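Structure, as structure tokens:
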Amino acid sequence: RQLIFSFSVRKVGEIRTAMVSRMYMTLRSHLSLGMVLLLCSSSRAALARSSSSILLFVSPAAANHKGTQRRLDTTTFDSFASFQTSDSRTMTTVRCASSSSSISSGDRQIRQDGIPDEEQVIQNMLYRIRNVNKIPDDIRASLIDFVVDEKRLGKVTPKMADMLCQMTGDGGKHVFGLTSADEDGTCLTLSGDIPANCEARTEAVMSIMKQLATDGVVTGWRDELYPVTQGFYEPPTLLVERAAAPFLGCMEYGIHVNGIVGGSNKDEPKMWIARRSKTKSKWPGMLDHVVAGGQPSGLGLMENVIKECYEEAGIPEAVTRECVRAGGAISYETFSSRQGVIGRAVLFCYELYLPNDFEPKPVDGEVDEFFLWTMDQVKASLSPDFPDPIKPNCYPVIIDYLLRANHVSPETPGYLDVLRELRGGDCR
């Protein structure tokens, strides 16, 4: 069986042999390599192969050549992977294909198993959504509501409820307790000794969460307060440290921004991608939106978008106000087996249509670099085995944009499943 590799250099930069070796080893782990052909937009390339490595040499002239990939009219690609060198200006794309029993019909590629590419994109979308929107049935059936003033504010496991109830706050008094509801069984609530106001409740709960942080249970403390509320537009019953919000299973709100360039005058749109700092407490080094952030108490959505755009990407307020567009919201619920907590989130989606000559810059240390991806590269990253994926909870926001911007046809089977599951959690 003959394997064909198509290679292209998208921008000027250096192709590093270490990256090529990594590329080869990744492919080798999935494939049995036989006769290998290299199709390149320039003839200034040489391929050397040994039993354990492939070395690719590209002259500077070839690296500067803005060629396009040759089309393989009788071949369809079985899998797709993108690799980025340490020089973010260079994007190398590798496609692996089999030359047997595959057909091509114009731009509509059909895989050997008969599934059109767009149907596979839909399946990959569902995989990414379900990767964050998932609570096992047995866990869901066992959850206990966190209720204050007859408002259902969160969901916790019985183990978490027991732990919280055993702990004492300032003065040695219990903060949490269990109570019986007439219809729904046992609920977690706050002690009746705590004054019924937001400030007193916040202080009491904070004393417990600080103990959990000292014990290493709550990690990534941010000194950022989230509102604990039954719905986004209701006043908060109390405030909780952002890192501790999942320990009450309360709703968490955030803003996620798709940074878009182009898309008009026959110019194909591209998306700005950020690489998170390796020092981040969560998802260090992973790919991310150009701008994203939690929605803290006391700040409006647009205020937060403007703040985060400037702090994370150096985007001036005037540019943000002129270029940003609201795009709806997605929601999900997830269970962390490592911590035994429930994450419940609503993310407000925005598109920021940036000028072609504007480049985001890391400002606050949360991002290492920014670079552009084509929409084909964005869709390729949806694959379950993509080697350098985007942070999991970014994918539903990106998928929502791909649907709204008509990058996937509503005629594709599974489209409505994606649309429905994008709001699989509470959205209130």
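Spin-label model, GLU224 to ASN406: label points 7 Å out along the Cα-to-beta-carbon direction sit 3.6 nm apart. Multiplying the residue separation of ASP267 and ASP385 by 0.36 nm and removing their Cα-Cα distance gives an extension gain of 39.5 nm. Of the chymotrypsin sites (Phe, Trp or Tyr not before Pro) in the range 188-290, the ones in a loop by DSSP (not H, G, I, E or B) with at most 12 other beta carbons within 10 Å are TYR233.
Between the alpha-carbon centres of the range 182-218 and the range 264-288 there is a gap of 37 Å. The gain in end-to-end length when the ARG140 to ARG420 segment is fully stretched comes to 98.8 nm, 0.36 nm per residue minus the alpha carbon separation.
Determine the share of the range 117-230's accessible area contributed by carbon and sulfur atoms, expressed in whole percent, with a 1.4 angstrom probe. Intermediate values should be presented prior to the final figure.
Working: 2680 of 6060 Å².
For the range 117-230, the apolar C and S fraction of the accessible surface comes to 44 percent.
Once backbone amide H atoms are built at 1.01 Å from N, GLY327 has CYS349, TYR350, GLU351 as its partners under 5 Å, excluding neighbours fewer than 5 places away on the same chain. So which trypsin sites (Lys or Arg not before Pro) in the range 226-305 are both in a DSSP loop and have at most 13 other Cβ atoms within 10 Å of their Cβ? Hits after loop and neighbour filter: LYS266, LYS278, LYS282.
Carbon and sulfur together cover what percent of the accessible area of the range 293-428 at a 1.4 Å probe radius? If you can, show how the numbers build up before the last one.
On the way: 2780 of 5650 Å².
Looking at the range 293-428 in its full context, I get 49 percent from C and S.
In the neighborhood of MET375, defined by Cβ-to-Cβ distances under 10 Å, what is the net charge if each Lys or Arg adds +1 and each Asp or Glu adds -1? Result for the neighbourhood of MET375: 0. Non-local lysine pairs in the range 186-338, meaning eight or more places apart or on different chains, with alpha-carbon distances under 23 Å, amount to 5.
For the range 195-201, backbone phi angles converted through the Karplus equation (6.51, -1.76, 1.60; θ = phi - 60°) give residue-by-residue couplings of x, 7, 9, 4, 5, 5, 5 Hz, Gly and Pro being listed as x.
Less than 5 angstrom separates the built amide H of VAL175 from those of GLY169, all sequence-distant by 5 or more or on a different chain.
Straight-line cross-link partners of LYS155 among the lysines, defined as a Cα under 18 Å from its Cα and at least 8 positions apart when in the same chain: LYS134. List, in order, the whole-Hz ³J(HN,Hα) value for each residue of the range 269-286 obtained from phi through the Karplus relation with A = 6.51, B = -1.76, C = 1.60 and θ = phi - 60°; use x for Gly and Pro. Each residue of the range 269-286 in turn: x, 10, 10, 6, 10, 10, 9, 5, 4, 6, 9, 4, 6, 10, 6, x, x, 7 Hz. At an R0 of 41 angstrom, the distance between the Cβ atoms of GLU203 and ALA318 translates into a FRET efficiency of 0.55. Between the amide H of VAL341 and those of SER336, distances stay under 5 Å, these residues lying 5 or more places away or on another chain, with hydrogens modeled in the peptide plane.
The values are calculated or read from the model by the stated rules, or taken from the named source; none is laboratory data. In this text, all values refer to a predicted model and were calculated from it rather than measured experimentally. For neighbour counting, all protein chains shown are included, and Cβ atoms are generated from backbone atoms with ideal geometry for every residue, glycine included. In case anyone asks, the SASA skips ligands and DNA or RNA and just uses the protein heavy atoms, side chains included. Shrake-Rupley method; radii C 1.70, N 1.55, O 1.52, S 1.80 Å.
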